[in-house]
Amino acid sequence: MKDLIGTWRVLSFTRWNKEGVAGEPLGAHPMGYAVFDNTGHAFIQLGRNPTDGGFPDEIAKSVMVYFGPYAVSGDLVKVTVEASNMADYLGSVQERNFEVSGDRMTIGTPGKYQAKLQRVV
C-alpha cells in the first residue's frame, strides 16, 4: 500500500473496445489526478484537456469522478465507491491492477482500460 500512497497526475488514458481496438476517449492529453491517502481513502478524477479542443459542455461531460475507501492486496487496489458522477459506479467496488515503478504508475483493468500516471506528491 505504501507505494500507492500519494497524488498522481494522469498522463494517458486508453480504453479498448469489444474488438480489442485501443482508443483515447479523453484525447491525447487527458487531465486529472488520482489521490490515494494514508488514511485509506481514494479520490479519482479525470477528463478531457480543454486544449485538445471541443465545446465546454463536451469537456464537462467527459469528467469521470469517484471516491471512497480503498484496500490493496498485492498488485490489486479495490475502491469501494461512496459517490460518483457515473451511475453504474455508485455502490460498486472498482478493482484495478497497478504497478508502481519509481514516480510512475500504470493502473487499470487488462483489456478494458489503462491509465499511466506520474507521482506529484
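No lab work stands behind these numbers, since they all come straight from the coordinates. Quantities reported herein were computed from a predicted structural model and do not represent experimental measurements. Methodologically, a virtual Cβ is constructed for each residue, glycine included, from the backbone with ideal geometry; neighbour enumeration extends over all protein chains shown.
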inquiry  = List the residue pairs whose Cβ atoms are under 6 Å apart, where the first residue sits in the range 109-121 and is among the charged types (D, E, K, R), the second is not in a strand (DSSP E or B), and the two are 6 or more positions apart or on different chains.
reply    = 119/103
ask   = Between a first residue in the range 31-52 that is in contact (Cβ under 8 Å) with a residue 60 or more places away in the chain and crowded, with 16+ Cβ neighbours inside 10 Å and a second residue that is in a loop (DSSP other than H, G, I, E, B) and not aromatic (Phe, Trp, Tyr), which pairs have beta carbons less than 8 Å apart while being 6 or more apart in sequence or on different chains?
value = 46/26; 46/30; 46/63
ask   = What residue, among those in the range 73-121 that are among the hydroxyl-bearing types (Ser, Thr, Tyr) and not in a strand (DSSP E or B), is surrounded by the most Cβ atoms within 10 Å (Cβ to Cβ)?
value = 89
